[in-house]
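Visitor: Dumping the structure here so I can ask a few things about it.
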Amino acid sequence: MTRTDDRRLSADTDGSVWQLAARCRDADHSLFFHPDGERGHARRLREQRAKQVCTSCPVLAQCRTYSLAFEEPFGTWGGLTEDERSALLPARAARMNTHSTRAGRATREHPRDKEVAGER
């Protein structure tokens, strides 16, 4: 097995094979992560340039999903800045909790459950 095969294998086994097709792999990484003290206009411009790379990326959806699933705290991922992801995460968590609660309630209150338990 060659060194390239080793890298491909590690990407396949940890589920991040999509990263191999990401447009940002060939871009300057400093475009996606703000330097200490960057604020205002300079930050908005850098984030806008990073998002331009993301816009035409073939794995934009996978990248965005990954960044939200792992609550990536830094940088631009999947066309979302860290601030945009932070704003989405509480709403996403609330939706997930609501869905879980409804699913649990529906399962517990299903009439068939009472029949199985011998109740009516």
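The values are calculated or read from the model by the stated rules, or taken from the named source; none is laboratory data. Note that the coordinates shown come from a computational prediction; the quantities given were computed from them, not determined experimentally. Here the Cβ is made from the backbone with ideal geometry for all residues, glycine too, and neighbour counts use every protein chain on show.
Visitor: So in segment 31-56, with the set limited to residues that are free of Cβ contacts under 8 Å to residues at least 12 places away in the same chain and part of a helix (DSSP H, G or I), which one is nearest to GLY78 (Cα to Cα)?
Guide: So in segment 31-56, the residues free of Cβ contacts under 8 Å to residues at least 12 places away in the same chain come out as 35-45, 48, 52.
In the following step, the residues that additionally are part of a helix (DSSP H, G or I) were identified as 40-45, 48, 52.
Numbers: GLY40: 22, HIS41: 21, ALA42: 20, ARG43: 17, ARG44: 16, LEU45: 17, GLN48: 13, GLN52: 11 Å.
Per the stated criteria, the residue is GLN52.
Visitor: Is it the case that segment 57-73 has a residue that's of a type in the set (A, V, I, L, M) and either touching a Ser or Thr at 6+ places or on another chain (Cβ under 8 Å) or at positive phi (or both)? Steps first, please.
Guide: First pass over segment 57-73, keeping only residues of a type in the set (A, V, I, L, M): 59-61, 68-69.
So of that shortlist, the ones also either touching a Ser or Thr at 6+ places or on another chain (Cβ under 8 Å) or at positive phi (or both) come out as none.
Within segment 57-73 (the criterion being of a type in the set (A, V, I, L, M) and either touching a Ser or Thr at 6+ places or on another chain (Cβ under 8 Å) or at positive phi (or both)), the answer is no, since none of the residues qualifies.
Visitor: Determine whether segment 56-71 contains at least one residue that is out of contact with any Lys or Arg (no Cβ under 6 Å at 6 or more places or on another chain), among the charged types (D, E, K, R) and modelled with pLDDT of 95 or more.
Guide: yes
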